[in-house]
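What follows is a single structure, written as structure tokens, with notes after it.
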Amino acid sequence: MERFYLTTAIDYVNGAPHIGHAYEKILTDVIARHYSQRCDDVYFLTGTDEHGIKIQKTAAAQGKSPKELCDENSQKFKDAWKALDIDYTKFIRTTDDYHENAVQHIFDKLLKQGDIYKHSYEGLYCQGCECFLNPKDLTEDGLCPDHLKKPEVVKEENYFFRLSKYKDAIIKHIKEHPDFILPEFRANEVLNQLEDIQDISVSRAKSNVQWGIDVLGDDEQSIYVWIDALSNYITALGYDPENSSDDFKKYWPCDVHVIGKDILKFHSIYWPAFLMALDLPLPKHIFAHGWITIDETKMSKSLGNVVSPTSVLENFNMEYPDAFRYYMATSAPCGRDGNYSDDDFKEKVNAHLANSMGNLLNRTLSMLVKYFDGEVKAEFKLSCHPELVSGSNSLMKKAMGTVQIVKNHFDNFELAEAGLEIISLVDATNKYVQDNAPWTLAKEEKMIECGQVLTNVLDIMCVIAALIYPYCPNIARDMARQLSFDLNTKLDDLTTDNIKIGKLISKEDIKPVFLRLDSEFADKTSKK
Ligand code: MSP
């Protein structure tokens, strides 16, 4: 694997980021960091979606120009991603000049080649979805099923894209590539939607929507948000129908678009059709994640339960976002809905990160200092005394097996499942310590056995640090520092022989890598 290109959905900027937006960016960042442990070149794109009637109206209601609103809110997304250690390669804004120009050229090309045509139309427009809805998809009361609002009747002359022309090719692609849409159970949904797919409107009358990209050579129409928004995945790399950049040639097709289940239709039907019309290869995977609820309730402004990701970091006074990242990334089985609650968050990260993982490292290093002045002797190595202590080999086997299982899970974007495997390795290592009781071995003066147990555990802790790194990059760095382990080691180069012979650590350099969220120390910090 030479390079890996992945993207998130680009967020609407009519408000500040919430925990649902954060969930997706965390998932994508975890995937990006995992693949950076498997190949040298990962390109991670995110950004904001800034045009359309919704933004135009929100800006007007706040007495701002749309651009002012976009500048303000786009910055809030960037700030939140910084606080969450979302390490993207590029942040695209659909109001960036290069993007607007490329979208105009894309539209113009499709128009000239006959894939786009003008047509008079009357339809039901949902501002929340920024799209026309099929009357058969509305609720019994005639509301948009996602936004529970009545769509407005819009009668306009618009440009249309010949989506129906690509229907068969898309069905064929989905059927021939069972991993195109992930998780696989979502593919049927898309195939059903494809059954009665019609040509789609790709522009709006400027008399109704001014905040959009102009159609070249037509003063009365602006380009509709979805063709504008979806194109970000190629314009960010420098795509232009006339002249594509080296980055585009290098990174396209995309390895995975990470998106929410609500916008799967746009990504698995509209986007492939646009790409086919542009004669470009399709992305390898579209991964649709589920939705996050708050205390089991759908987030909504009217319920007042919208949670900002940075407020969670502040409320718990966390130095690093790691615990929140871990919790979110493991909050739901692949593609299913998840939930956030303060209590569950505290309980889970305390159990996994503090009690199981953090304590294991802390206790083991402390024993190494207590019994051996922090020194790893050559005779402690498993290779020196194979299986001196029972269960050593099987623990090592489990560790290497876990690396492979975690990789396999990531290939299907099963982040929660991979997380469980890592914690299961932590648990097995804790059990190994418990079973072999190095403190008893020391009391009985079986010092080589005792040293072997501790060294084996520290060897495994290096593997755990590498595996937990995508979720908890700061904790992993703290672990690696205390283990003198190089966290840049690629997963394929990982072994169970990581700890160097010689002095590893002194008492004063042992630091807990994660403090319980309700610990005395955390309480004191929060009172500062
Ligand atoms: N602008 C479009 C996407 C264009 S992509 C070419 C959009 N924006 S959005 O701000 O409404 O949503 C952005 C992403 O956040 C989507 O993938 C959406 O599914 C996700 N989420 C929004 N609320 C969410 C939750 N409550 N939970 C999880 N993800 C959710 O759609």
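Could you tell me whether E220 is more than 24 Å from the chain's Cα centre (by Cα), closer than 18 Å to L111 by Cα and modelled with pLDDT under 90? Spelling it out, it is not the case that E220 is more than 24 Å from the chain's Cα centre (by Cα), closer than 18 Å to L111 by Cα and modelled with pLDDT under 90. Per the conditions (1) within 11 Å of the ligand (Cβ to nearest atom); (2) open to solvent by 30 Å² or more (accessible area, probe 1.4 Å), the sole criterion not satisfied by D246 is (1). Considering K25, K82, K90, the condition of being within 16 Å of the ligand (Cβ to nearest atom) and either open to solvent by 40 Å² or more (accessible area, probe 1.4 Å) or free of Cβ contacts under 8 Å to residues at least 40 places away in the same chain (or both) is satisfied by K90 alone.
Any chance segment 178-195 includes a residue that's of a type in the set (D, E, K, R) and open to solvent by less than 20 Å² (accessible area, probe 1.4 Å)?
No: zero hits.
Take the residues in segment 224-261 that are in contact with a Pro (Cβ under 8 Å, 6 or more places away or on another chain) and among the hydrophobic types (A, V, I, L, M, F, W, C), then tell me which one is farthest from A277 (Cα to Cα). Across segment 224-261, the extreme among qualifying residues is V256. Would segment 357-365 turn up any residue that is more than 25 Å from T429 (Cα to Cα) and either more than 16 Å from the chain's Cα centre (by Cα) or open to solvent by 50 Å² or more (accessible area, probe 1.4 Å) (or both)? No, every residue in segment 357-365 fails to be more than 25 Å from T429 (Cα to Cα) and either more than 16 Å from the chain's Cα centre (by Cα) or open to solvent by 50 Å² or more (accessible area, probe 1.4 Å) (or both). Among the residues of segment 328-348, those that are within 12 Å of the ligand (Cβ to nearest atom) and out of contact with any strand residue (DSSP E or B) (no Cβ under 7 Å at 6 or more places or on another chain) comprise M328, R336.
Among the residues making up segment 115-147, those that are over 21 Å from K261 (Cα atoms) and open to solvent by 30 Å² or more (accessible area, probe 1.4 Å) are Y117, K118, H119, S120, Y121, E122, L124, E140, D141. Within segment 50-58, can one find any residue that is crowded, with 24+ Cβ neighbours inside 10 Å and touching a Lys or Arg at 6+ places or on another chain (Cβ under 9 Å)? Within segment 50-58, one or more residues are crowded, with 24+ Cβ neighbours inside 10 Å and touching a Lys or Arg at 6+ places or on another chain (Cβ under 9 Å).
With respect to the conditions (1) modelled with pLDDT of 95 or more; (2) more than 14 Å from the ligand (Cβ to nearest atom); (3) open to solvent by 30 Å² or more (accessible area, probe 1.4 Å), L237 falls short on a single one, namely (3).
Those residues that are more than 10 Å from the ligand (Cβ to nearest atom) and hydrophobic (A, V, I, L, M, F, W, C), I need them from segment 1-22; list them, please. Answer for segment 1-22, where residues must be more than 10 Å from the ligand (Cβ to nearest atom) and hydrophobic (A, V, I, L, M, F, W, C): M1, F4, L6, A16.
Does C70 satisfy the criteria of being open to solvent by less than 10 Å² (accessible area, probe 1.4 Å) and closer than 21 Å to D246 by Cα? Spelling it out, it is not the case that C70 is open to solvent by less than 10 Å² (accessible area, probe 1.4 Å) and closer than 21 Å to D246 by Cα. For segment 243-264, the set of residues classified as under 30 Å from T293 (Cα atoms) and more than 19 Å from the chain's Cα centre (by Cα) is empty.
Yes/no matrix, rows are residues, columns are (1) aromatic (F, W, Y); (2) part of a helix (DSSP H, G or I); (3) within 12 Å of the ligand (Cβ to nearest atom); (4) open to solvent by 10 Å² or more (accessible area, probe 1.4 Å):
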site	(1), (2), (3), (4)
C39	no, no, no, no
Y43	yes, no, no, yes
G47	no, no, yes, no
A60	no, yes, no, yes
K64	no, no, no, yes
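The residues in segment 79-135 that are out of contact with any strand residue (DSSP E or B) (no Cβ under 6 Å at 6 or more places or on another chain) and among the basic types (K, R) can be counted, and the count is 3.
The values are calculated or read from the model by the stated rules, or taken from the named source; none is laboratory data. Quick caveat: nothing in here was measured; it's all calculated off a predicted structure. Methodologically, a virtual Cβ is constructed for each residue, glycine included, from the backbone with ideal geometry; neighbour enumeration extends over all protein chains shown. Keep in mind that these areas ignore ligands, DNA and RNA; they rest on the heavy atoms of the full protein, side chains included. Shrake-Rupley method; radii C 1.70, N 1.55, O 1.52, S 1.80 Å.
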